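Okay, structure first, notes after.
The values are calculated or read from the model by the stated rules, or taken from the named source; none is laboratory data. Remember, it's a predicted structure, so these values are computed and weren't measured experimentally. Cβ placement follows ideal geometry from the backbone for every residue including glycine, while neighbour counts extend to all protein chains displayed.
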Amino acid sequence: MKPSMFPYEPWFRAWLILLPLVTYGSHYIIFNARLRVAQLAKDSLDVPDPQGTWGYAAACGLAFTLLMVVISRLWVQSTDTPEEEQ
């Protein structure tokens, strides 16, 4: 790994842990919400599974990734101390 990437390593590790949680959590929430809305609209518990929930979860994962990149760059730039001249 290049030395310029060392400050980003904790952010990368956090992203590796949080991305599956965000993606699956988004899928779980939207799947259950859309299923319940379909059940209420049909007034029956026997409805087909909603479609497109994994696409929504992938979009949430992408948005989370972009947010992590922006936040990590801002954090590293704000905490980066310039070398003192002697």
Open item on the list: When the residues of the stretch 2-49 are narrowed to those that are over 25 Å from the mean Cα position of the chain (by Cα) and part of a helix (DSSP H, G or I), which ends up surrounded by the fewest Cβ atoms within 10 Å (Cβ to Cβ)?
Closed with: PRO3
TODO: Hey, could you check the stretch 39-58 for residues that are among the small types (Gly, Ala, Ser) and without any contact (Cβ under 8 Å) to a residue 24 or more places away in the chain and say which is farthest from PHE6 (Cα to Cα)?
DONE: SER44
Open item on the list: List pairs: first residue in the stretch 1-28 and within 23 Å of THR79 (Cβ to Cβ) and at pLDDT below 95, second residue acidic (Asp, Glu) and assigned to a helix (DSSP H, G or I) anywhere in the structure, Cβ distance under 8 angstrom, at least six positions apart or on different chains.
Closed with: MET1/GLU9
Task: Every residue from the stretch 25-54 that is touching a helix residue (DSSP H, G or I) at 6+ places or on another chain (Cβ under 7 Å) and within 15 Å of THR65 (Cβ to Cβ) - done: SER26
